[in-house]
Structure formats: C-alpha cells, structure tokens
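To start, the structure itself, in structure tokens.
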Amino acid sequence: MIQHLEPDDIFTHADALCRLLWDAVDSGASVGFLPPVDPVTALDYWNSVRIAMHEESRLLLAAFDDVELIAAVQLDLATQANALHRAEVCKLLVRRDVRRRGIGRALMLAAEDAARSIGRTLLVLDTRKGDPSEGLYRSMGYTLAGEIPGYARSADGTLHSTVILYKTLAG
C-alpha cells in the first residue's frame with residue numbers, strides 16, 4: 001500500500017525512515033550519503049524533509065507492507081514562478097529485502113500521479129549511470145537529457161557518472 005505522508009508522519013515513522021536510508025546507503029545506493037550514516041545525520045536529514053513538506057516544497061510517498069514502511073520516494077517541487085510545472089524525483093529508496101518486486105515502479109507511478117494532481121507536468125531526476133535504477137526509469141519512459149562524468153563519489157572514493165533523465169507527464 002502506498003501512502004502520501006504528512007509532515008508529522010516523519011515523527012511517527014522516523015525509525016523506519018532512518019533504517020530505510022541506512023539500508024540504501026549500506027547497499028551502495030548513490031543517494032547523497034556515504035556509509036556509515038550516523039543516527040544524528042539520518043534524523044537531521046528526515047527533519048529537513050519534514051520542514052520542506054511543511055513549506056509545501058516536498059512530497060513524500062511511502063510504501064507499506066501491512067504496517068511496516070518498506071520504501072519511499074520524494075518529489076521536490078520547484079517553487080520559482082517560471083518552474084511551477086516541474087518537480088524533481090528524489091531518493092527512491094526500497095529496502096534490500098523487498099527489491100525486485102515492483103515496489104519502486106509502484107512508487108514512481110504514484111509519484112507521477114501525485115505530480116499530475118498538483119499540476120506538475122515535467123519530472124526530472126538523476127541517478128548513477130548503470131545502476132538498476134537507471135533501467136527502471138528508462139523502462140518507465142524517462143528520457144536521457146545528459147551525462148555528467150565524475151559526479152558522485154562512492155564509499156571507496158571512486159567517482160561515478162550520473163545521468164539526468166526527464167519525463168513529460170500527460171494530463
């Protein structure tokens with residue numbers, strides 16, 4: 001089941017959200033953090049998401065297996081006057097033990113529906129080149145806009161290219 005979370009739901013699900021972030025980072029996902037992510041950093045991050053949600057510049061959708069939070073994705077809503085038609089997909093996180101079951105795809109479809117419902121017609125995102133997430137996004141109709149070499153550093157210090165993708169949403 002996928003739910004659109006409210007800002008205060010961050011408090012309710014803080015432990016699960018932190019575990020989700022740790023799991024992603026520990027499994028090598030390129031989501032802006034390097035392992036190990038300490039508890040204070042993880043809580044600070046989710047608090048920053050809560051603040052952005054209060055400011056109505058971020059949406060957070062989460063997937064639940066019964067009552068347990070197992071995955072999440074965010075939409076960062078552009079707030080500039082000339083950009084109110086677009087949003088950035090951020091941090092699609094799916095717990096390792098439930099990957100390859102369609103949960104990431106379901107979250108992305110829900111994010112696209114949420115974007116449409118608030119008048120966003122263009123989604124952009126970036127992901128490490130060659131990661132499974134790139135294949136997911138491309139299979140969902142995202143188009144390559146470009147590649148930036150040496151964009152993100154992994155835990156071993158290696159620099160990786162990132163790809164920028166976009167999708168125009170039909171009304």
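A short reminder: the numbers here are calculations on the coordinates, not readings from a lab. Values in this document were obtained by computation on a predicted structure and should not be read as measured data. Here the Cβ is made from the backbone with ideal geometry for all residues, glycine too, and neighbour counts use every protein chain on show.
Going residue by residue through segment 142-160, is there one that turns out to be assigned to a helix (DSSP H, G or I) and on the phi < 0 side of the Ramachandran plot? Within segment 142-160, none of the residues are assigned to a helix (DSSP H, G or I) and on the phi < 0 side of the Ramachandran plot. If you go through segment 79-90 and keep only what is surrounded by fewer than 19 Cβ atoms within 10 Å (Cβ to Cβ) and touching a residue at least 12 places away in the same chain (Cβ under 8 Å), you end up with T79, L84, H85, E88. On the stretch given as segment 112-136, residues that are within 13 Å of T168 (Cα to Cα) and either among the acidic types (D, E) or assigned to a helix (DSSP H, G or I) (or both) total 4. Of everything in segment 91-100 that is in a strand (DSSP E or B) and not β-branched (V, I, T), the residue that is surrounded by the fewest Cβ atoms within 10 Å (Cβ to Cβ) is K91. Every condition in (1) surrounded by 14 or more Cβ atoms within 10 Å (Cβ to Cβ); (2) touching a Pro at 6+ places or on another chain (Cβ under 6 Å); (3) not acidic (D, E) holds for A155 except the one numbered (1). Listed by position, the helices (runs of 4 or more DSSP H) enclosed by segment 1-72 that each have at least 1 residues that are under 16 Å from the mean Cα position of the chain (by Cα) and without any contact (Cβ under 8 Å) to a residue 40 or more places away in the chain are 14-26, 39-54. For the criterion of being exposed (fewer than 14 other Cβ atoms within 10 Å of the Cβ) and either touching a residue at least 60 places away in the same chain (Cβ under 8 Å) or aromatic (F, W, Y) (or both), R128 fails.
Would you check which residues across segment 105-164 are in contact with a strand residue (DSSP E or B) (Cβ under 7 Å, 6 or more places away or on another chain) and among the β-branched types (V, I, T) and list them? Answer for segment 105-164, where residues must be in contact with a strand residue (DSSP E or B) (Cβ under 7 Å, 6 or more places away or on another chain) and among the β-branched types (V, I, T): T121, V124, T127, T143, I148, T162, V163, I164. Within segment 91-104, is there a residue that is touching a residue at least 12 places away in the same chain (Cβ under 8 Å), farther than 21 Å from D15 by Cβ and touching a strand residue (DSSP E or B) at 6+ places or on another chain (Cβ under 7 Å)? Looking for residues that are touching a residue at least 12 places away in the same chain (Cβ under 8 Å), farther than 21 Å from D15 by Cβ and touching a strand residue (DSSP E or B) at 6+ places or on another chain (Cβ under 7 Å), one finds at least one in segment 91-104, hence yes. For segment 51-90, a tally of residues being among the basic types (K, R) and touching a helix residue (DSSP H, G or I) at 6+ places or on another chain (Cβ under 8 Å) returns 1.
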